[in-house]
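The values are calculated or read from the model by the stated rules, or taken from the named source; none is laboratory data. Owing to the predicted nature of the structure, the values given are computational and were not obtained by experimental measurement. With ideal geometry, Cβ positions are generated from the backbone for all residues, glycine too; neighbour counts draw on all protein chains shown. Heads up: the accessible areas ignore ligands, DNA and RNA and are worked out on the full protein's heavy atoms, side chains in. Shrake-Rupley method; radii C 1.70, N 1.55, O 1.52, S 1.80 Å.
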Amino acid sequence: MAQRIVTHVIRNQNGDTLALCNPEEAWTQRRKEWAISDILLHRHEYFVFGQNNGLRRIIVVNDPQGNYLRTSPDSLPGNNLDSLPVIERNPWELALEDAEVLAVHAALVPVGPGRVLLMGGDEHDKSNADGGDIHNTRFYDFIINEVRDVGSPEADTFCCGHAFLPDGRWLVGGGTEEWNDPGLEDEHIDIHGNPRNHWSGTRECAAYEPADEQWSSVAPMLPEPGQATRGGGRWYPTLITLADGRILAVGGHPRVDPGDPAVNDGRHGSWLPEIYDAATNAWTYTAGHWLYVDWVDVPPQVELPEGQVRPEGVSNYLYYPRLFVVPGGEVFLASPNDGNCGWYNPATGLIAPLLLDSPPHDGRGYAETNHTAVLLPLLPGDGYTAHVLFLGYESAQRISLGGIDRMIDPENPPNWEPASVRDWPADPPLRRHGCSVLLPTGEVFFTGGLDHDQTEGGSPDNSAVLEGEIYSPGIDWKTNTYNFADETWTTTPPASVARNYHSVALLLPNGLVLTAGSNINGSSGGDDVKEYRLEMYSPWYDGDPDRPRITGSPSALGYGESFQVISPQASKIARTALMRCGSVTHAWDGDQRYIGMEFELVAPGVLQAVAPPGGDIAPPGPYMLWIVDQQGRPCEQASFLLLA
C-alpha cells in the first residue's frame, strides 16, 4: 500500500473538496471519490503535512450525507485539508495503471450506477491466441475504480462486432477463429485462386446478461450461403440494432482454412448481411444486395443477386462499416458502398435507388478504422432529422438526411458539407483511429487517434493527438432545431496517455468519458505493446455542486409513452433526453444515440416527458435518462431504463 503526500486540493465554488493533488508526484491528481475508495480498500494511504512538518493521515468520515475526507485529529482544531492551497483542475485523470486486459472493445452495461465491460479476446497477441489465452474480459466499476474478472465468451472475441438487444443484453458476434500467419501456406485461397492474407472469422456468438453478470452462448452465425457447414462467420464486422430490435450484421471476413475445403469459405468477404432475432434465437440471411464487396475477389462468372450490378473500378473496404438506423427504419450507409452512400432496407435487403456522393477523402482509399462517424442528436423540433458527422482525411464533414417523414427530393439530394473550421493554430490533426463520444449536453467529444497518414506506413505513438476536441453542432435548444451556422469546435488540454489503434472511449452515466486500450505504435504482441492504463476525461460540468438530480424515474418505457421524472430541480430543467448505452470498438460506437424528448413541468418537482415515437428513432434496448438545466448542466447521475 503506497503512501501519497497531498500538497494541494481542488475545490468547487462551494469550497467542497473535489480532488487531492500533488503536482510533483506521478499520481498528480485524485478524485475525492476514488481517494475514498483507495483508503477504504487499502490501495493507498494519503497524508498531509501538519504542524512541525509531521504527517497527518487523511481518513474517511462516514456521514449520512455521504462519506468525506478529513485529516486525523491533531492540535489544530480544524481539518488540515482546509488549509491546503487550491490548484486548477486538470480535466484528464489517470484512473487505473492496470486494467489487466487490453480494451479492444468496451460497453456500458445498465446495472446499478453503471459498469463497463472491457474485452480484448486474444488482445492482438498471437502467443495468447496460440496458447488459448483468449478469455480476457474485465468488469470495470468506475464508482470505486477497480476491475475484476467477469468471465468471457467461449470464442476469441478479438475484432468481433457487438450491439445491445432489446432486453438489455449485450450481443457479441463473430471475432477471430484463427490467426493468420504470414506465408503462402497460410494465405486464404479463394474459389478463383487469388491468395488473400486475411484472418479467419468465427461464427460463434454470445450474450452478456447484466443482471446476473453471466455470459451465455446464442445461435452462431450462418455458414457460407448455399453451404451446410462450410465457412461463414465474421472478423471485423459491424453489428447494429434495427428498429424492430433485431441485430443486423454487415461486413467482415469469413471463416477460412486453406487446408480444409470442408471448412474454407469460398468468399474473401462476408458479403451478404444476416440478421439475428433474439425471439427465435436464430440468424437469417437477408435477401437482396451484397454489401461492401471487394469486387476483385468475385470472378465475372459468379451470378450476382437480382438487380445488383458489378461496378467498374471500385474496391470496397469490408471491415467495420459505419452504419446508422435512421428515421423510417432504413440503414444509412455512411461508409461508401460501391463508391456511394445510401439507404439500405433490411426488410428487403435492397439499396435504395437514390445514391449519394461519398464524403471527401482527399483521393485516399477508405479504411473505416482510420476515421470515425457519429449520429448527431435526434430532436423532436427538428422532425428527428438525422445529421451524421464524419471526421476523416478532409477534416470534418456532415450530411443532413430526411427526418421522420423521410421526404427527400431526388433532384436536390443531401450532400456532405464541410463543418466549421476546427480549433487549431495550424492544420487540424487527422485523428486517425480516434473515437467520438456524444455528451449529455448534445455536444460531441473527439479523443485519441494519430496525426499520421496511413500512406506513410506504421502507426507511431509519437504522432498521437493527445488533445481532445468538443464539437457543438449549433443547436437552438429553445426550439430543438439546428443552425449549423453557429457550430463551434473547442480544443481541450492534452491527455497523458496516447490512444492508438485498438483504443476505445465511452460515456459514463455520471457524465465522464472513459478512455482505454491501444496498441503501442499500432503493434501486435505481448505486454510491452499493450496499453493497460485507464484515463478519465471530466467535462466542464463535472464537480459543479448545482447539477440537477433525478430522484425518481421509470425502469422501462414504451414508445410514445408519457412518463414522470422526479427531480428537486424540476422547475429549472430546460431539456430531457435518452442516450443509448454505448458499445465501442475500432474508432466507432454503433450503439450510442441521443434522442431529445418533449416535456413539461406538471407539479413541483415533477416533469412529464414523452418517450420517442418509435424504434426507427430509438431502437429498443438500454438507455440513460438525462435531464439538463437552464445553465446547460446535465444531472449528476443518469438513470437507466429499457425502451421497448
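Tell me, what is a quarter of the convex hull surface for the C-alpha atoms of segment 92-537, in nm² with one decimal?
21.2 nm²
Provide the FRET efficiency to the nearest 0.05 for the GLN214-GLU88 pair, computing r from the beta carbons and using R0 = 30 Å.
0.10
Per residue of the chain, what 222 nm ellipticity follows from adding -39500 (n - 2.57) for every DSSP H run with n ≥ 4, rounded to the nearest 500?
It lands at -500 deg cm²/dmol.
Post the alpha-carbon centroid distance, segment 411-489 to segment 135-152, in whole angstrom.
Value for the Cα centre distance between the two parts: 30 Å.
Tell me which of TYR236, ALA278, CYS581 sits at the most positive position along the dipole axis of the chain, charges placed on C-beta atoms (Lys, Arg +1; Asp, Glu -1).
Sorting the options by dipole projection puts first CYS581.
Return one quarter of the surface area of the convex hull spanned by the alpha-carbon atoms of segment 241-357, equal to its mean projected area, in nm².
If I average the Cα hull's projected area over directions, I get 8.2 nm².
What shape does segment 412-554 have by the C-alpha gyration tensor, where a ≥ b ≥ c are the square roots of the eigenvalues, rounded means a/c under 1.5, and otherwise prolate means a/b greater than b/c and oblate the rest?
oblate
What Kirkwood radius, in Å to one decimal, follows from the Cα pairs of segment 25-158?
Result for segment 25-158, one decimal place: 17.7 Å.
Under 8 Å for C-alpha pairs, at least 6 residues apart: give me the relative contact order for the chain, rounded to a whole percent.
Dividing the mean separation by the residue count of the chain yields 12 percent.
For segment 564-644, max minus min Cα coordinate along each principal axis, in Å, sorted largest first?
44, 25, 16
State the Cα centre-to-centre distance between segment 338-404 and segment 575-644 in whole Å.
When both Cα centres are located, 23 Å separates them.
Taking the Cα centre of segment 92-537 as origin, sum charge times position over the Cβ atoms of Lys and Arg (+1) and Asp and Glu (-1), and report the length of that vector in debye to the nearest 20.
Here the size comes out at about 880 debye.
Carbon and sulfur: what percent of the chain's accessible surface (1.4 Å probe)?
Carbon and sulfur atoms account for 49 percent of the accessible area of the chain.
Taking the mean number of other Cβ atoms within 10 Å as a proxy for protection, how do you rank 436-446, 550-560 from highest to lowest?
436-446, 550-560
Could you give the nm distance between label points at VAL111 and ASP527, where each point is 7 Å from its Cα heading toward the beta carbon?
2.8 nm
On the first, second and third principal axes, largest extent first, how far apart are the outermost C-alpha atoms of segment 347-396 in Å?
36, 28, 18
Let me test this: with uniform point scatterers at the alpha carbons of segment 218-264, what is the Debye-based log₁₀ I(q)/I(0) at q = 0.17, 0.22 1/Å?
At q = 0.17, 0.22 Å⁻¹ the computed log10 ratios are -0.56, -0.82.
Using only alpha carbon positions, build the gyration tensor of segment 471-568, then give the equivalent ellipsoid semi-axes as the square roots of 5 times its eigenvalues, largest first, whole angstrom.
For segment 471-568, the semi-axes come out at 35, 20, 15 Å.
Of the listed peptides 221-233, 238-250, what is their order by residue-averaged count of other C-beta atoms within 10 Å, with the highest listed first?
In decreasing order of mean packing, 221-233, 238-250 become 238-250, 221-233.
Note the count of lysine pairs whose C-alpha atoms are less than 29 angstrom apart in the chain, limited to pairs 8 or more residues apart or on different chains.
4
Give the average over all directions of the projected area of the C-alpha convex hull of segment 488-532, one decimal, in nm².
4.4 nm²
Using a 1.4 angstrom probe, figure out how much accessible area the chain has per residue, in square angstrom, rounded to the nearest whole.
37 Å²
Would you please report the Å³ per residue occupied by the convex hull of the alpha carbon atoms in segment 2-83?
99 Å³
Highest mean first, how do 371-384, 347-360 rank when packing is the count of other Cβ atoms within 10 Å averaged over residues?
By packing density, highest mean first, the sequence is 371-384, 347-360.
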